[in-house]
Amino acid sequence: MGTSLIVFQKKYFKALALDALLLLCLLPFASAQNKTVTGKVTDSRDGLALRGASITVKKFSTGTETDSNGNFSLTMPLAVKTVMISATGFSSREISVAGNNNTNIQAVLNFSYAMLNEVVLVGYGVSQRKDITGAITHAVPKEFNSGVITNPLQQIQGKIAGLVITQPGGDPNSDIIVRLRGATSIEGQPPLLVIDGVAIDDFYKSITTLNPADIESFDILKDASAAAIYGSRGANGVILVATKKGKPGKTAIDYNGFVAAETISKEIKVLDAAQWRKATGDSSALDKHGNTDWQKAIAQTGISHSHTMGISGGSNEMNYRGSISYTKQQGVIINTSKEVITARLNVNQKSLQNKLEINYGINASVVNRALLPYQSSTSQSRNGGGDLFFSHALATIPVVPIYNPDGSFYQGSDLSIQTPVYTLKQKYSSKRENFFQGAVKADYELFKGLKAGASGALSRGNDVYDFFSAAVPGTNQTSVAAKANDNKQDFSGDLHANFHKKYGKHNIDITGVYEYNKFINDGFSVLASGYLIPELLNNNMGAATQVLASNIPSYKNETRLISFLGRAVYNYNDQYIITANIRRDGSSKFGPNHSWGNFPSVSVAWRVNEAFFFKNIAWLNNLKLRVSYGLTGNQENLAPYPYQLLYGPLTPYLYNGQFLQSYGIVQQDNPDLKWEVRKSFNLGADFSIFNDRVNGTIDIFNDRTNDMLYQYNLSQPPFLFNTVTANAANAINGSVEVAINASVIRNKKFQWNVSFNLATLKSRITNLSGKFEGAVLALTGDEQHYGYAQGSGYSGAYISQLKAGYAAGVFWIPQYAGLDASGHELYKNYDLNGKLTGISNSYTDQDRIFIDPSPHFTWGFTNTFTLGNFDGNIFFRGVQGQKIFANTLMSMGAVGYLPGSNVTEKALTSGFNYQPQPTDYWLKDGSYTRLENLTVGYHFKKIRGISNLRLYLSGSNLFVITKYDGIDPEISTDGTQRYIDNNYYPKTRGFVLGANLVF
Amino acid sequence: MKRFIIFFVSGMFFLWSVNSCTKLRTNIYDRVPVLNFWRTTDEIAAGVAPVYANLRNGIDMFQTYPLLECSTDEVIVPVRGKDWDDRSMWEPLWKHTWTPAHSDLEFFWSYVYTGSSSVNAILKAVNDITPRPANLFSIQAELKTVRAYYYFQALDLFGNVPVDTSYVLSGSKQDTTIERPAVFAFVEKEIKNNISLLSKEVNQKTYGRATQWFAYALLAKLYVNAKVYSGMTRWTDCINACDSVLLSGNYMLEPNFFDNFSIANDKSRENIFAIPFDHVAGLNGFWIQAASLHYDSWKSFGLDGGGANGFCSTKEYLDIFNQNDIRRNTFLVGQQYINENQYANQSGSSDTLFDSDSNLPLFFDPEINVFSLTGSKLDMKGARCSKWEFNKTGGGLMSNDFAIFRLADIILMKAEAQLMSGDMNAALVTLNKNYGSVSIRSRAHMPDFTSAEMNTDGLLAERAREFSWEGWRRNDMIRLGHFTDARIPEKTKDPDDHFKLYPIPEAEIEKNPYLKQNPGYH
């Protein structure tokens, strides 16, 4: 590695020699003259023992932790004069231990409500909360939700302003939707997930395989300045996750577990058998004399349990934590479930007088999913699930029985009926996901103030999807088997250096990083039909009688991302702090002339309370003003090779009596493709008042995204294709985010804390057109028509749009104006100028109006209580002002659907005889307030052999206050079907009994 | 500090200077950046194939076919209660109330110009081959003739369209609208310039490809419509083009009419040009049986896929057919039966097929009096198409080839041209003559065409009987009259003639402001 390697080696040996010398000098001294300091650390609030507080001795690599009774004992050289006692959430204290005797000290630590000294991860380093200049939110386990938690992000759902986490439906195999400060690209992407310093390629995969009980903290980097350190992939914000680490001292064994029962939280009121018979009069032909509530028939009480065992410990030179967990979650729909097994090991080793620090992390997981019929991916249920199963189930008429008297499935006299229960039990649809990741990071202190290091991580994911659908004897349904195998192989590595120096009141901290990422994806799938022996499932696919070449696709692709970045932090007297970032990012997805982009950012913080004129204001404990501006680049949603002219197989053709494969150009190349840029401006304030009893954060941001990457329409002729991936559209996102925490009551016996957060979000596409090779780029036709009403008779029924001047997916629908005498719908009609001209039985595009469904604000409100050994938590969250298109209610909303399909109770009185059209009649207020979590816990103290035991009872989603009459107003807010409620897996209500145990 | 700067700067400089640390080019695994191709006959065939494969998109039942048939009296897709109420799609086509936003317009436009632009791209690739292939000129001629067919369709449906024969990778070229007569002239010129270089062979090798005979058939179609396209009649040219095909001796009428529509219809000696389909080989996109058949019809025919119960024909249309006309078997009407024992119901007592929604006997009733059907028999309305032999496997996807030009069309075009040039007797001779062992009428078990029938209405009716559902009805009705007529159910007479041209799709005008909308649309 040329010159720098030599420099590096020289320093290394020099440092090594110096260390060895020091060691030689110290060792005899240390072993000869020691003293032992013992003591107890207590919490200022209740006077109770504080477990896990760390006791360190400056300049000597020794330290320990308090046990469950708050006691510690530490041997140290006689020369030591002070020890530092610190604990997360508490102000640190330096206590004198001068003298040559063994000492016993009592330390009371003050709880810091503002958490100013809390360590916050900032990417390639840590900072203290008081020194942060960007918009970063830190969250630790004591703030987490409890309940049926199988995904770590459920723990902070609704807790962080600006981080909108949506769980559409209650499918255990559904991805949750995570958006930080709105969508960057038109489609939007989740934030970048960085686990223990390793950026992860696949957000949904990695979040599922992360065990909630292993989480030490979350740090949410919101603005461009904070996210800049992960810039090439951080345009959607960054979530930094730290997993639990071992601490020096006694080996600790901890166990976290719960058992839970979940049920469907709400059903749609559809006709029961008696109502159906009454409504249909003499439709006896379809009456199979059953009496079935199909919503109940497909439901079950989902029993879940989760167990995590962690072992941690170590010495000052090496500590470790290993954990293994097992979670099984049954869905509330029969034959759906998820099983997750994870193992994680973190080892941290220090050597060479603490100059060399090495971290190892190994993480392996297996996920086994039992999916809904025809649901092949976890993202499918975000878009309404596979094959509209729930729509079919709801519409199945209640007079069809589930079983024949002999216990076999009822299929009708001609075997043509497949009930929802039959489908759930007879289709085999499952997925296995294996994930392995190994990471190592090494840092060496070359000389005082300068640390350099390298890290590397390799991860492999492998998903196997299995499907089998048996032939139905006597019908035209042949058996179909499928298997798909997808592999991901990611390598990421970096070289980093950090320099820190203090010159009087001037503090300088400089970080430089080189990052290299390589992603390789490959896979194949097979689908064939005509199997005679259903017992073989898809395990012997060669027995097929029918295979199409197009049903055995395979693929492989590769992308690379390389970045150079620098960050400088200047801190003047803890009063003024400036952070500047510059990064140069390269992506293989762009052509040679546009691979690299430069993305600078700067942020400034002023700790106003440190200024002389505020020093005397007693009630103001802290006030910090922040401002930041920065650019981040984005390319996450792009296909691997969009800029290139590529040839590949097209469709087959007939030539000379043979079917052959044709080849040709597969995409419109765009050599000018470049980075999408998000310019983000953030103004923020952090404050803490009244003796730290109230603290909070306010952020206002205004982001502009330019050159948005999307598949745009291209005029044809002259171009070969009518779409091209290009940079064109612009959008703005703006918002106010407020978070306030208050300690309402704090005394020895009883504490009551509240925290409240609220965030607005205004998104708007400002422009959707551009130029490509001199021609016009636009979104037209299908690309412009975004969301569609679903169901039979609704094909091509577009109801939302991508439109400049509005948020992506704005509804564009006709206005309902009642029914005429014959029961036909009437609509408002407008002229070309948008003037109301009257009402009639028909509508055209001219009569459609725009309605933005996005909420005015989202909020969360947490109350936590402590009373003696009891603790309690009540957490509400809600969304205000969102609109939902009630597709399910619409497609079951007319009596005309009887007798063949079931309808809602409302359809009997609503007056709709004919198929309802997708008008604003079905656009409903989706505001809601949810009691997300109610938890009561009890700490058993002083049990022999157990240092801490907490048992808790928790209820999830206990009630929802909403005007919305569909199943639940929490539905997908991304993708083309955003805010359209159709075919969702039912939402659940859960009760949990859990234990946290430390030996 | 200084040491740090030296360390940092030298480190960064080193990384930047080492190529592998900044190398972003990645391997491409499942595509190739350069097609080293065009060396052998097979490779040339594979390289030329995309322009033919795209033709399959021209008869997609939801995207392109509706523009050819659903705006005529031949095919109707009525609303059936909850089903097929896709208002923006079917109703405007039947009632002639479509607007430039109709989604099928964009599909058809894209189909035509994807085809013609593929020709442009492949022509460029072919021209760049070194060494030059021996048959370069015939490859070029074949490609240009297929392109002429695409432009013929644009001419027929949209009329005034841009014409572009170059493949652009860059440059700020915007295509402008060319008036319909000029588009007509372009198509004519392209065919005539290339016709002599095309293959005269009629065999397995040229099946599904542009031969001289395809070119003559296309010319005949162009000339028979010359008045509509250019304002000038070209009857003599039409007769000559027809004769070139008729006198070639390559084609004859199949004695059995329905052999032209069997799954093995590639054996038909009547097909001049057909688009090959095969659901097993993945040549897909033809699914009339699924679009038209009732949900329960699979029980009648032992199919592995149900019908979607959409496309059908009305009583008024069926009345064009004499009861004895064998071509009336194009349709399924009346009571339906379970024909195959393996699909008999469990009781086995009756072969009558029941509609499983209403549990009433399934009886196809062609009488459609309202566009939005109601009542318990709404699923049974309309005559169903059984012209093409049903494919029992494939889930509704068909393996019959779809003929664009059959010899019967050449015969009827020639007769029409003769009639219009004033020679009624010659027209009758042409029409009633045997080609092979049968005439058009004799194989239909119908008496010869009479002088009383020999007028535009008579020819239009005969064309309906012969070519129903084959994609020519709109073209025929515009040329021979009655396209704008009132129809049962619920279609009133068009206020003017502007619906005889489809509008330029709204989306295309948004993308290319130089395009001009057709008269009557805005």
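The values are calculated or read from the model by the stated rules, or taken from the named source; none is laboratory data. Note that the structure is predicted; figures quoted are calculated from it, not measured. All Cβ positions, even for glycine, are placed from backbone atoms using ideal geometry, and neighbour counts span all protein chains on display.
In this entry, B:Ala417 passes the filter for residues that are in contact with a Cys (Cβ under 7 Å, 6 or more places away or on another chain) and among the hydrophobic types (A, V, I, L, M, F, W, C). Taking the numbered list (1) assigned to a loop (DSSP other than H, G, I, E, B); (2) crowded, with 24+ Cβ neighbours inside 10 Å in turn, B:Tyr29 passes all entries but (2). Within region A:479-506, restricting attention to residues that are more than 31 Å from the chain's Cα centre (by Cα) and surrounded by 19 or more Cβ atoms within 10 Å (Cβ to Cβ), the residue that is nearest to the other protein chains (Cβ to nearest Cβ) is A:Phe499. Checking each residue in region A:781-822 for being hydroxyl-bearing (Ser, Thr, Tyr) and under 17 Å from A:Phe850 (Cα atoms) picks out A:Tyr786, A:Tyr788, A:Tyr798, A:Ser800, A:Tyr806, A:Tyr816. Every condition in (1) of a type outside the set (Phe, Trp, Tyr); (2) away from chain B (no Cβ under 13 Å); (3) more than 30 Å from B:His294 (Cβ to Cβ); (4) in a strand (DSSP E or B) is met by A:Gly407 except one, and the failing one is (4). So, of the residues in region B:294-317 that are crowded, with 19+ Cβ neighbours inside 10 Å and modelled with pLDDT of 95 or more, which turns out to be nearest to the other protein chains (Cβ to nearest Cβ)? Filtering first and then ranking leaves B:Phe311.
Of the residues B:Asp104, B:Asp73, B:Asp42, B:Asp85, the single one that is buried (at least 20 other Cβ atoms within 10 Å of the Cβ), facing chain A (nearest Cβ under 8 Å) and among the charged types (D, E, K, R) is B:Asp85. Looking at B:Tyr151 and the list (1) over 24 Å from A:Phe721 (Cα atoms); (2) within 14 Å of chain A (Cβ to nearest Cβ), which single condition is not satisfied? Against the list (1) over 24 Å from A:Phe721 (Cα atoms); (2) within 14 Å of chain A (Cβ to nearest Cβ), B:Tyr151 comes up short only on (1). Which ones in region B:88-101 are out of contact with any Phe, Trp or Tyr (no Cβ under 7 Å at 6 or more places or on another chain), more than 10 Å from chain A (Cβ to nearest Cβ) and touching a residue at least 60 places away in the same chain (Cβ under 8 Å)? If the condition is that a residue be out of contact with any Phe, Trp or Tyr (no Cβ under 7 Å at 6 or more places or on another chain), more than 10 Å from chain A (Cβ to nearest Cβ) and touching a residue at least 60 places away in the same chain (Cβ under 8 Å), then B:Lys95, B:Trp98 are the ones that fit. For A:Thr973, the criteria (1) under 17 Å from A:Gln157 (Cβ atoms); (2) of a type in the set (Val, Ile, Thr); (3) not in a loop (DSSP other than H, G, I, E, B) hold in every case but one, which is (3). For region B:402-515, the helices (runs of 4 or more DSSP H) that sit wholly inside it and include 1 or more residues that are more than 14 Å from chain A (Cβ to nearest Cβ) and buried (at least 19 other Cβ atoms within 10 Å of the Cβ) are B:407-420, B:424-432, B:440-443, B:456-467, B:473-480. Filter the strands (runs of 3 or more DSSP E) completely within region A:161-218 down to those with at least 1 residues that are closer than 25 Å to A:Pro969 by Cβ and touching a helix residue (DSSP H, G or I) at 6+ places or on another chain (Cβ under 8 Å). Those strands (runs of 3 or more DSSP E) span A:163-166, A:177-180. Scanning region A:433-468 for residues that are more than 14 Å from every other protein chain (Cβ to nearest Cβ), surrounded by 20 or more Cβ atoms within 10 Å (Cβ to Cβ) and among the aliphatic types (A, V, I, L, M) yields a total of 2.
Within region B:350-401, being among the basic types (Lys, Arg) and either more than 18 Å from B:Pro78 (Cα to Cα) or surrounded by fewer than 21 Cβ atoms within 10 Å (Cβ to Cβ) (or both) holds for B:Lys377, B:Lys387, B:Lys392. Evaluating A:Trp812 against the criteria (1) more than 14 Å from chain B (Cβ to nearest Cβ); (2) more than 30 Å from B:Asn120 (Cβ to Cβ); (3) within 33 Å of the chain's Cα centre (by Cα); (4) assigned to a strand (DSSP E or B) leaves one unmet condition, (1).
Elements of the type strands (runs of 3 or more DSSP E) sitting completely within region A:577-660 and holding at least 3 residues that are touching a residue at least 24 places away in the same chain (Cβ under 8 Å) and away from every other protein chain (no Cβ under 14 Å): these cover A:596-607, A:620-634. Restricting A:Ser315, A:Ser265 to residues that are surrounded by fewer than 21 Cβ atoms within 10 Å (Cβ to Cβ) and under 27 Å from A:Gly197 (Cα atoms) narrows the list to A:Ser315. Across region A:757-782, the number of residues qualifying as surrounded by fewer than 16 Cβ atoms within 10 Å (Cβ to Cβ), at the interface with chain B (Cβ under 7 Å from one of its Cβ atoms) and part of a strand (DSSP E or B) comes to 0.
For region B:239-262, the criterion of being of a type outside the set (S, T, N, Q), within 20 Å of B:Met61 (Cα to Cα) and in contact (Cβ under 8 Å) with a residue 60 or more places away in the chain is satisfied by at least one residue.
Every residue, every condition in (1) aromatic (Phe, Trp, Tyr); (2) over 26 Å from A:Ser910 (Cα atoms); (3) touching a residue at least 60 places away in the same chain (Cβ under 8 Å), yes or no:
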position	(1), (2), (3)
A:Gly249	no, yes, yes
A:Phe258	yes, yes, yes
A:Glu267	no, no, yes
A:Trp276	yes, no, yes
A:Ser284	no, no, no
A:Asn291	no, no, yes
A:Trp294	yes, no, yes
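Residues of region A:889-899 that are within 14 Å of chain B (Cβ to nearest Cβ) and either touching a strand residue (DSSP E or B) at 6+ places or on another chain (Cβ under 9 Å) or of a type outside the set (A, V, I, L, M, F, W, C) (or both): A:Ser891, A:Met892, A:Gly893, A:Gly896, A:Tyr897, A:Pro899. When you scan region A:554-566, do you find a residue that is more than 8 Å from chain B (Cβ to nearest Cβ) and either in contact with a His (Cβ under 7 Å, 6 or more places away or on another chain) or surrounded by fewer than 16 Cβ atoms within 10 Å (Cβ to Cβ) (or both), even just one? Taking every residue of region A:554-566 in turn, none turns out to be more than 8 Å from chain B (Cβ to nearest Cβ) and either in contact with a His (Cβ under 7 Å, 6 or more places away or on another chain) or surrounded by fewer than 16 Cβ atoms within 10 Å (Cβ to Cβ) (or both).
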